[in-house]
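**Student:** The structure is given below, and queries will be raised subsequently.
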Amino acid sequence: MACKDQPLHGMYKNDALLRLAGFRRDPRPITAPAPYSDTSAPETVELQMPEPPTVEPKQLSFAVITVVLAFAGTVATVIQTVLAAAS
C-alpha cells in the first residue's frame, strides 16, 4: 500500500506494479523532504502515535472481487477434478 502522506509514494507503487506486469518506465529520482530545515537537531522530540492504516473503498472492492474470483476458481477446479476422476 502506498503512503497517503507522501503523494509520490503512489507513483512508486504504480511503477512497481507495472514492472511486475512486464512494463518498464524510466527510473525516477527518489525524493524525500529534509527532516529539519537547519543543521541542528531539536532538543526535545514529542512522539506522536501514527494514524491507523486505512483501506480506501476502491482498494477494498478490488480485494473483495479478487477473493471471490479466487474462491470461484478453486471451487471450479475441485468440481472439474472430481468429475474427471469419476469418468
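**Student:** With a point put 7 Å past each Cα toward its Cβ, work out how far L18 is from V75 in nm, to one decimal.
**Tutor:** Placing both labels 7 Å beyond Cα along the Cβ direction yields 3.7 nm.
**Student:** Around I65, what is the net charge, scoring Lys/Arg as +1 and Asp/Glu as -1 over all other residues with Cβ under 15 Å from its Cβ?
**Tutor:** Charge balance in the 15 Å sphere: 0.
**Student:** Roughly what would the spin-label model give for V55 and L83, points 7 Å off Cα along C-beta, in nm?
**Tutor:** Inter-label distance under the simple model: 3.2 nm.
Read-outs: derived from the displayed coordinates by stated rules, not from any lab. Keep in mind that this is a model prediction, so the values were computed, not measured. Reconstructed Cβ throughout: ideal geometry from the backbone, glycine too, with neighbour counts over all protein chains shown.
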